[in-house]
Amino acid sequence: MAFSTDDLPDDAITARGLTKTYPASKTSPAKEALRGVDLSIPRGSIFGLLGPNGAGKSTFINILAGLVRKTSGEVKVWGLDIDQQPRSARAAIGVVPQEIAADFFFTPRESLEVQAGLYGVPRAERRSLEILNALGLGDKAEAYVRQLSGGMKRRLMVAKALVHNPPVLILDEPTAGVDVELRRQLWAYVRELNAAGVTIVLTTHYLEEAQELCDQIAIINRGQVVACEPTADLLKRLDSRAVIIQPLAPLTAAPRLQGFEAKLRPDGRLAITFKSDQASVEDVLNAVKAAGVGIKDLSTEEPDLEDVFLALTYNDPKAESPTAF
Ligand code: ADP
């Protein structure tokens, strides 16, 4: 199916008040996986969806792909409402799943032909070889899939997601467990596709990957979007470090510090996060001493996604309580 280039939507994907509650089963209670997600993914972007395990990323993607039914809310893919125009909405996205699910008895070319058939792409419009070439698999078109390397299989998964020429490509953890070289190769393909006009949505828990590729990032946690902004803005928030202090005497609560937020960790240590361009470790230590807290031991931590997440939810009155990954 070809998508018109007239009348392009501003956003490739929009979600409003999206919720999903998985019903209770014999072994587990009902689970609210998405709790009112509002998200706009701009057309033409490389958009990162980050969050800890269980945050709701796959649920979100599976709703877009028509694999999971939402409980409530509105979702549009390429301007098409998934309730009112489910088939067209589904045709507007290609999903590269996390797992390699290759058809081991087909050659890559056959595999793409079968996929194109599933999407109802007329023979005359199929471009299996062109797609394989674009992904560097042209010379493997007639090989058996089981003879391909892991990296080639992953590229074949991307190729399969592209057979119906979707304007939006979703990559679910594309480089989990993939070596550095292959990761870079995949990033290069993603950039090329994006330059050719494809909107890319990427889930990842590698900050480096999001930082390198994505122009905008949403952080999702416990079924809610806790941040959504251009990567550069998010990274400014990342410009932080933490001083971790083992107090001389056990504390029952985090002390109030002049100019800093202190948090008492379950192990009794005090974590103080600060922006490297605004304060120094010495400033933090002075504030701790001024609050009358003796220091038995101290260390510093560089920020990771957990810190960003904690920093982002800490001042959020809507957050129930900050949780670790
Ligand atoms: P993520 O992709 O961010 O790791 P998921 O969307 O897979 O998160 O999961 C969100 C929450 O929904 C988790 O608590 C998970 O256990 C739960 N969940 C996911 N799929 C199902 C399902 N089919 N049935 C019940 N609960 C589910």
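Looking only at residues in the range 58-75 that are among the small types (Gly, Ala, Ser) and under 16 Å from residue 203 (Cβ atoms), the one that is farthest from the ligand (Cβ to nearest atom) is 65.
Taking the conditions (1) within 16 Å of the ligand (Cβ to nearest atom); (2) open to solvent by 10 Å² or more (accessible area, probe 1.4 Å); (3) not charged (D, E, K, R) in turn, residue 218 satisfies each one other than (2). Residue 269 - would you say it is touching a strand residue (DSSP E or B) at 6+ places or on another chain (Cβ under 7 Å) and open to solvent by 40 Å² or more (accessible area, probe 1.4 Å)? Here the answer is yes, as residue 269 does meet what is asked. Of the residues examined, residue 39 is one that is of a type in the set (A, V, I, L, M) and touching a strand residue (DSSP E or B) at 6+ places or on another chain (Cβ under 7 Å). Restricting the first member to the range 251-267 and to residues that are free of Cβ contacts under 8 Å to residues at least 40 places away in the same chain, and the second to residues that are surrounded by fewer than 14 Cβ atoms within 10 Å (Cβ to Cβ) and part of a loop (DSSP other than H, G, I, E, B), the beta-carbon pairs closer than 7 Å and six or more apart or on different chains are 264/253. Selection of the range 248-307 for residues being over 27 Å from residue 227 (Cα atoms) and either assigned to a strand (DSSP E or B) or in the same structural domain as residue 221 (by TED's automatic domain parsing) (or both) yields 295, 296, 297, 298, 299.
Which pairs do you get when a residue that is surrounded by 11 or more Cβ atoms within 10 Å (Cβ to Cβ), found in the range 285-301, comes within reach of a residue that is basic (Lys, Arg) and outside any strand (DSSP E or B), reach meaning Cβ atoms under 7 angstrom, with the pair 6+ apart or on two chains? Taking only residues 6 or more apart or on different chains, the pairs are 291/256. Of the numbered conditions (1) more than 8 Å from the ligand (Cβ to nearest atom); (2) open to solvent by 20 Å² or more (accessible area, probe 1.4 Å), residue 45 fails exactly one; give the number of that condition. Exception for residue 45: condition (2). Annotation: residue 55 fulfils all but one of (1) away from the ligand (no atom under 12 Å from the Cβ); (2) in contact (Cβ under 8 Å) with a residue 40 or more places away in the chain; the unmet one is (1).
Filter the range 63-77 for residues that are surrounded by 23 or more Cβ atoms within 10 Å (Cβ to Cβ) and either within 18 Å of residue 162 (Cβ to Cβ) or free of Cβ contacts under 8 Å to residues at least 12 places away in the same chain (or both) and give the result. Across the range 63-77, the qualifying residues are 64, 77.
Here is a yes/no grid of residues against (1) modelled with pLDDT of 95 or more; (2) touching a Ser or Thr at 6+ places or on another chain (Cβ under 7 Å); (3) outside the structural domain of residue 195 (by TED's automatic domain parsing); (4) surrounded by 15 or more Cβ atoms within 10 Å (Cβ to Cβ):
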position: 4; (1), (2), (3), (4): no, no, yes, no
position: 15; (1), (2), (3), (4): yes, no, no, yes
position: 20; (1), (2), (3), (4): yes, yes, no, yes
position: 28; (1), (2), (3), (4): no, no, no, no
position: 33; (1), (2), (3), (4): yes, yes, no, yes
position: 36; (1), (2), (3), (4): yes, yes, no, yes
position: 53; (1), (2), (3), (4): no, no, no, no
position: 56; (1), (2), (3), (4): no, no, no, yes
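Taking the conditions (1) touching a Pro at 6+ places or on another chain (Cβ under 7 Å); (2) open to solvent by less than 70 Å² (accessible area, probe 1.4 Å) in turn, residue 274 satisfies each one other than (1). Restricting attention to the range 77-111, the residues that are part of a helix (DSSP H, G or I) and closer than 18 Å to residue 168 by Cα add up to 6. Restricting the range 21-35 to residues that are under 18 Å from residue 51 (Cβ atoms) and hydrophobic (A, V, I, L, M, F, W, C), the residue that is farthest from the ligand (Cβ to nearest atom) is 34.
Regarding residue 60, is this residue assigned to a helix (DSSP H, G or I), modelled with pLDDT of 95 or more and either open to solvent by 70 Å² or more (accessible area, probe 1.4 Å) or out of contact with any Gly (no Cβ under 6 Å at 6 or more places or on another chain) (or both)? Yes: the conditions hold for residue 60.
The values are calculated or read from the model by the stated rules, or taken from the named source; none is laboratory data. What you see is a predicted model; the values in this text were computed from it and never measured. Don't worry about glycine lacking a Cβ; one is built from the backbone with ideal geometry, like all the others, and counts go over all protein chains shown. Surface areas here come from the heavy atoms of the whole protein model, side chains and all, with no ligands, DNA or RNA. Shrake-Rupley method; radii C 1.70, N 1.55, O 1.52, S 1.80 Å.
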